[in-house]
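Worksheet: one structure, shown below.
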Amino acid sequence: MVSPDLRHFSLKMFTARRSCLTLNRRGLSSLARPRAEAISANWQGTSCTGGNTMNFIGGRFEESKADKWNDVSDPSTQTLLSHVPETTEEEFERAVASAKEAFGSWRRTTVLTRQRFALE
């Protein structure tokens, strides 16, 4: 069975990014910043307010040990949304191994079950 973290990861990422972009269309005003911070506080993996995006490995989020980070900005306002790590080779290998393991159960999941995960 697919872990709850893996089930909701894609939907949470979409929701978080959509919320970030909505809040940052005109830049983070003094009214928008508290809302963006509230969204960021509830989302473990990334930030709408310029924080670091974490790696998702083995069903959990973890800080990267990367030396280099890339800025992610809203293209319409150039507002900084997040810093994304240039993941280390070791982190990358662990993520690939974890994804291969998760795929073993996911590939046996029915289309209806996959749809349910996407719509929850």
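The values are calculated or read from the model by the stated rules, or taken from the named source; none is laboratory data. None of the values given here were measured: they were computed from a predicted structure. Don't worry about glycine lacking a Cβ; one is built from the backbone with ideal geometry, like all the others, and counts go over all protein chains shown.
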Problem set entry | Residue within the stretch 58-78 that is at positive phi and touching a His at 6+ places or on another chain (Cβ under 9 Å) present | no
Seminar exercise, completed: The helices (runs of 4 or more DSSP H) lying wholly within the stretch 1-106 that contain at least 3 residues that are surrounded by fewer than 16 Cβ atoms within 10 Å (Cβ to Cβ) and modelled with pLDDT under 75 are 4-23, 32-42
